[in-house]
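The structure that follows is given in the form of structure tokens.
The values are calculated or read from the model by the stated rules, or taken from the named source; none is laboratory data. Model, not experiment: these values are computed from the prediction. Backbone-built Cβ (ideal geometry, glycine too); neighbour counts: all protein chains shown. Only protein heavy atoms, including side chains, enter the accessible area calculation; ligands, DNA and RNA are left aside. Shrake-Rupley method; radii C 1.70, N 1.55, O 1.52, S 1.80 Å.
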Amino acid sequence: MRALVVAGVGAPPTVTDIELPAPGPGEVRVRVRAAGVCHSDLSMTNGTVTPTYPLVLGHEAAGLVTEVGADVRRVGVGDHVVLNWAPPCRGCWPCRHDEPWLCAEAGTPSVARGRTAGGDPLHVTLGLGALAEEVVVGERAVIAVPAGLPFESAALLGCAVLTGVGAVTRTAAVAPGESVLVLGLGGVGLATVIAAASAGAGRVVAADLAGAKRELAMAAGATDFLVADDTLTRQVRTLTGGRGVDHAFECVGRATTIRTAWRAARRGGQVTVVGMGGKDDLVELSALEIFHSARTLRSSVYGSSDPDRHLPELAAAVLDGSLDLGPLITDRCGLDEAPAAFARMARGEGARTVVLFD
């Protein structure tokens with residue numbers, strides 16, 4: 001089968017032939033029908049995260065179950081499923097204390113699985129490697145969804161939507177009438193905008209370096225759009241009576257934008273870091289401003305979500321029309337065009353590209 005593979009840090013992703021094993025006990029084979037190109041995949045290629053190479057990229061996808069191994073009970077052949085890159089084990093301390101998004105067994109950058117066509121050992125991103133025609137995964141890594149849900153929408157539920165919606169509704173618990181700033185308008189950022197508007201936020205300010213994202217932001221439900229320059233904090237305060245926003249969501253994963261989100265939040269406000277940054281990119285805050293501002297700074301891992309519970313709820317919302325994912329998808333392409341999609345994402349263009357498989 002074909003897959004998008006990267007050979008090492010800085011190497012361009014290329015479409016190549018790979019071989020995957022047959023499903024073993026507790027495993028399933030899924031024919032991928034749609035997969036999103038996510039910034040976390042870019043982190044696997046540029047050194048932000050350190051997986052093992054060669055690596056099949058991709059972790060946000062949906063498809064059809066085509067084969068099941070022994071003892072599989074969650075799904076059957078023909079089921080429509082979303083892939084889950086952080087399946088909770090249900091046995092570790094966080095899982096047993098209602099924090100499955102912090103599962104000690106989930107989220108490993110790469111897992112050994114299969115071989116290249118030349119016979120070299122292969123690894124897959126986050127246990128999935130979903131930018132491929134097929135995947136073989138453990139049954140806990142698939143979540144069944146209704147057959148009527150379009151595959152391109154289902155794919156986005158597995159990462160961008162679960163992350164962005166969860167950050168708003170569960171991590172930060174935005175209340176009606178509160179003000180929100182969203183920094184960074186990729187797929188996750190736009191999902192955060194959609195969720196903030198749906199939560200009844202009184203003002204939703206969307207900001208990005210690219211002024212071209214204004215139309216996307218407004219379509220997602222933003223009340224205001226700002227270009228993220230040196231005047232951003234002042235403009236946010238002007239829009240909020242001089243106070244700053246109740247909630248600032250950082251969806252980039254950089255120290256500079258985390259600091260901007262901190263300055264843009266009001267005294268007593270909340271700053272939620274949704275973007276994943278590098279370990280050497282340090283955020284500096286003085287002890288005095290931490291005390292004086294009374295702000296809360298925290299991260300949102302996978303939207304503080306339990307995928308088995310919350311992803312089907314999102315699927316139902318898409319089907320009943322209460323959750324419109326249209327503004328998230330700016331490009332569609334085949335697998336051969338996926339490398340170009342990575343280049344666009346690296347330049348900060350568009351929101352989500354969805355790779356569609358026949």
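Of everything in the stretch 302-329, what is among the hydrophobic types (A, V, I, L, M, F, W, C), outside any helix (DSSP H, G or I) and buried (at least 22 other Cβ atoms within 10 Å of the Cβ)? Give them in sequence order.
L325 - this is the single residue of the stretch 302-329 that is among the hydrophobic types (A, V, I, L, M, F, W, C), outside any helix (DSSP H, G or I) and buried (at least 22 other Cβ atoms within 10 Å of the Cβ).
If H247 satisfies every condition in (1) part of a helix (DSSP H, G or I); (2) under 21 Å from V273 (Cβ atoms); (3) of a type outside the set (D, E) but one, which is the exception?
(1)
Another question, if that's okay. Check R266, R332 and return the single one that is more than 15 Å from the chain's Cα centre (by Cα), part of a strand (DSSP E or B) and farther than 20 Å from V180 by Cα.
R332
Another question, if that's okay. Filter the stretch 50-96 down to the residues that are under 19 Å from A341 (Cβ atoms), open to solvent by less than 40 Å² (accessible area, probe 1.4 Å) and not in a strand (DSSP E or B) and list them by number.
L57, G58, H59
Out of all the residues in the stretch 226-243, is one or more among the small types (G, A, S), under 30 Å from D98 (Cβ atoms) and open to solvent by 50 Å² or more (accessible area, probe 1.4 Å)?
no
Please enumerate the residues belonging to the stretch 129-142 that are open to solvent by 10 Å² or more (accessible area, probe 1.4 Å) and in a strand (DSSP E or B).
E134, G138
Exactly one of these conditions fails for V180: (1) free of Cβ contacts under 8 Å to residues at least 60 places away in the same chain; (2) open to solvent by less than 10 Å² (accessible area, probe 1.4 Å). Give me its number.
(1)
In the stretch 110-128, how many residues are assigned to a loop (DSSP other than H, G, I, E, B) and either open to solvent by less than 40 Å² (accessible area, probe 1.4 Å) or touching a helix residue (DSSP H, G or I) at 6+ places or on another chain (Cβ under 9 Å) (or both)?
Counting residues in the stretch 110-128 that are assigned to a loop (DSSP other than H, G, I, E, B) and either open to solvent by less than 40 Å² (accessible area, probe 1.4 Å) or touching a helix residue (DSSP H, G or I) at 6+ places or on another chain (Cβ under 9 Å) (or both) gives 4.
What residue, of A167, A201, A197, A160, is open to solvent by 20 Å² or more (accessible area, probe 1.4 Å), in contact with a strand residue (DSSP E or B) (Cβ under 9 Å, 6 or more places away or on another chain) and either outside any loop (DSSP other than H, G, I, E, B) or at pLDDT 95 or above (or both)?
A197
I'm checking my understanding of the structure. Among residues of the stretch 1-48 that are open to solvent by less than 70 Å² (accessible area, probe 1.4 Å) and among the charged types (D, E, K, R), which one is nearest to the chain's Cα centre (by Cα)?
Only one residue fits best here, namely D41.
So is H247 closer than 18 Å to T192 by Cα and touching an Asp or Glu at 6+ places or on another chain (Cβ under 8 Å) or not?
Judged against the criteria, H247 is a match.
Taking the condition of being open to solvent by 50 Å² or more (accessible area, probe 1.4 Å) and under 19 Å from V168 (Cα atoms), how many residues in the stretch 268-288 meet it?
Looking only at that region, the number is 1.
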